[in-house]
Structures are given as C-alpha cells and as structure tokens.
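What follows is a short report on a single structure.
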C-alpha cells in the first residue's frame, strides 16, 4: 500500500522535474533568440533544437533516477537534495554534449546551453526548496500524522520506535505500547513512549483513542488468543502490522475482511492487514481531485454562497453557518460547516422532540421538523445546498467529496464494534446512502451496511457514479 503510493508520488515528482527542465530549455532558447544583447542575440536555424530537447528529456530522466533524486525528502537535508540535483544536471549536460558530438549535431549555441544549465538548476532548486519547506512546516505543526499503537514493549518494540524516530518526516507518532503484564503499565519503553495498557485493554484503547495502525512487535506464540486481538482491530477497521517470526504459522486466524500483504515499514519487514482499499495510488488521486474540485467549486460558487448567507440573515436571527463537532477518520474530531437551516435554539429543543424521532438507532431525523426555518430551510435541505460549506472541510483535509457521512460523537458512542469500521475511511459529503431511493426510510443498520459496502468496493469509478447520482438527487429535491 505505502509502496504503491510512494511510487505514484515519485512518478509525479519526476514528471514535474522533466516539465521544469523543458521550461528551462525553452526559456533559454527564447532569451538567446530575442532578449540577449548584441552580438550574442539570435539563434541560427541549422541545428534542430527539437531533437536536442528530446535528447535532454531522455538523458535527464535517466540521470535523475541514477542519482536517486526521488528518495524521500523526509530522510534528507535540503543541502543533500541540492547537491544531488546539481550532480544530476551536470552529468546530464556532459552526457548531452557527448551525444551531440557522437551524432554530429553541430552549431548548437554554447551560450544557450550554458543559460539552460543555469535556468534548470534554478527552477529545480526553487521547486524542491518550496516543497521541502512546506513539508517541514506541516510536520512541525503536527499535520498528517498517523498514530501508531505498538503491541509489545521489548527489543522489537524499541526497533519500531527507533525506526519511527529516525524517520520523523514519515508522519508516524507512537501513541504508546501494550504489554502482557498489568504491573508493567506506566513504565517507559523509550524516551517519551511508555506502556499505556495490556493487550486485554486493546478494545477499550481502540475505542477511546485515534489509532491509525496497530503493530504487533512481540512473538505471537507468547500471546494467548492472538487471533482474537487481530480480529478486534480488523472488525473496527484498524490496519494491523505484524513483525514476522518463526512462530507465525501458529496464528490460527484467517482474516474475514482484511487483505494481507508483505510490506517494508521504515526498513522493517512486516505482514500488513488492511480493511481499506489497497489501491493507495488511486486513493492519492482521489485526494488530489478532492482539493482541486473543492477549490474550483468554492471559487465559482462564491456568489451563491453570498446569496444564501444574505437569505439566512434576513429570514431568521442567528449565525449564517451551523457548526457541529463530528467524528472523522479513525475517530479524529473536527468541526463540520453547514448553512444554518434551523431556527435559533434548535439544539436545545431536540430533547423535547426525541419522542417523535422517525429514525432508528442513534440517528435523529423528523420528516417535518418544526425547528427548520420556514421555506428557506426546507428549500436548502431539499436541494442539499446547506451542505455546500462542507467544501471548506474538504479543503482543510478533514473530509472527502465522497465517503461515509461523519457522525456526531453521541452516535459513535452507541455504535456496535463492527459499525466503527465505517470510520476507517475519510468521511465525505455524499455516499451511497445519500443517492439511494427513499434514503430517509432506510434503517440505521442498512445505512451502516451501505457505508461498509462502499469501503469494501471502493474505486474511482464508484466515486464518480455517486457524484453523478448525487447531482441528480439535488436537482430532484429529494433531500431532507
């Protein structure tokens, strides 16, 4: 999973570098032909600069790979990255000159080649410097971290902690370790990492904390009913990694949901079990599309935003936006934004209306809710326009365009264990439930099954289908 995503990022990085190199070459030609002072101005028509450019693209692609220019920035300093880049461009330039000599490509302007060399280094330095600084700043502010829970507290656990400490930029943070003995709780394993419970506390810890991954770093033959603990994590949608050892065959457990793969985890070979899609490359594309679509739609919808905001202000007293705490990926809490469609003090009136709640389970829904703003609130809900501000949540990285709807904390507290697996994927503005006929008549358990069906069968194609069906639902005014 991680390997596939890293490959995709590396390919995008290579494509960006090649594009910048092409821009540098075209820029050097333009400067030499039109902007240089006499007598250096101009290019003769003899050599085919298109052929030279094609040669550069091929040579630069090979040399960039040869100098390992696409190793993770998280493992290198900026001067190291700059030095490797200069070596790669210098080597590429020497190889290009040699090829021009061998293929008898004459009369290529040496001044233009020198200018291209400087422009290429300048553009590549600028792009890598900007990306490096952005990543560093994000990491310093604690963004995009994955919380790791380690089962084990001895040498293997220390090896995992050391690997994470050596690759801080990889975005992992150790939540704590679990031991087999109760009297070990509270003891320090390494630096700021301590034992926070026993394996018997696993379910409780997974329910009460944001855990993105569980790593078994102790011999499985020492764990009684090891399969039961793995099954608990699997049922809740928490990915599991196992450091393999000779007793692995004794684990009498066959995953019912998770896929199994052998993966490298920061230099440590592991067996990974994951209940989410293994197509991490496509998930990365989904994430990029989310940001692009949300950004463009927000910009284009600004007049509509202002119109709805004014209408809400004129129709009732109170704030334009309704803000509510929701539960996101793996239990992360965030504030969701919607246009306010209810009268002031609606939350305080919920208790008196619970007796006429028409939804089963922990969900609260009333067909003709007396708290809704007359006409305007009903219209915004029917057309789902009240959901538009959630594009801000998408831009903040808290939500996706498509995914299970983010529940409120009170709902999650009433979930069965198997229902928590819907939190294993980033929540979305719309999903299968939102574009299902008679969605408001569906039982809560059916709704949960639809979300899990989406997670188990996720693809980019399914996302686009859901978005098209959601657009149709909005046009037909089927929201509530």
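The values are calculated or read from the model by the stated rules, or taken from the named source; none is laboratory data. As the structure is a computational prediction, the values presented were derived from the model and not from experiment. We place every Cβ from the backbone using ideal geometry, glycine too, and count neighbours over all the protein chains shown.
Under the condition of being in a helix (DSSP H, G or I) and more than 21 Å from the chain's Cα centre (by Cα), the residues counted in the range 420-459 number 10.
Whether any residue in the range 356-374 is modelled with pLDDT of 90 or more, in the same structural domain as residue 312 (by TED's automatic domain parsing) and either in a loop (DSSP other than H, G, I, E, B) or more than 25 Å from residue 476 (Cβ to Cβ) (or both) is what I want to check.
Keep residues of the range 356-374 that are modelled with pLDDT of 90 or more, which gives none.
There is no residue in the range 356-374 that is modelled with pLDDT of 90 or more, in the same structural domain as residue 312 (by TED's automatic domain parsing) and either in a loop (DSSP other than H, G, I, E, B) or more than 25 Å from residue 476 (Cβ to Cβ) (or both).
Can you spot a residue in the range 34-45 that is on the phi > 0 side of the Ramachandran plot, modelled with pLDDT under 85 and in contact with a helix residue (DSSP H, G or I) (Cβ under 7 Å, 6 or more places away or on another chain)?
yes
Of the residues 174, 210, the single one that is more than 19 Å from residue 263 (Cβ to Cβ), assigned by TED's automatic domain parsing to the domain that holds residue 158 and crowded, with 17+ Cβ neighbours inside 10 Å is 210. Any residue that is modelled with pLDDT under 80 and loosely packed, with under 15 Cβ neighbours inside 10 Å - is there at least one of those in the range 76-99? Looking through the range 76-99, at least one residue is modelled with pLDDT under 80 and loosely packed, with under 15 Cβ neighbours inside 10 Å.
Scanning the range 83-121 for residues that are out of contact with any helix residue (DSSP H, G or I) (no Cβ under 6 Å at 6 or more places or on another chain), under 20 Å from residue 20 (Cβ atoms) and either touching a residue at least 40 places away in the same chain (Cβ under 8 Å) or not in a helix (DSSP H, G or I) (or both) yields a single hit, 113. Taken together, the residues in the range 221-240 that are in contact with a strand residue (DSSP E or B) (Cβ under 9 Å, 6 or more places away or on another chain) and surrounded by fewer than 21 Cβ atoms within 10 Å (Cβ to Cβ) amount to 1. Of the residues 449, 393, which single one is surrounded by fewer than 19 Cβ atoms within 10 Å (Cβ to Cβ) and either modelled with pLDDT of 90 or more or under 29 Å from residue 285 (Cα atoms) (or both)? One residue alone meets the criteria, 449. A residue that is closer than 22 Å to residue 397 by Cα and surrounded by 15 or more Cβ atoms within 10 Å (Cβ to Cβ) occurs nowhere in the range 471-480.
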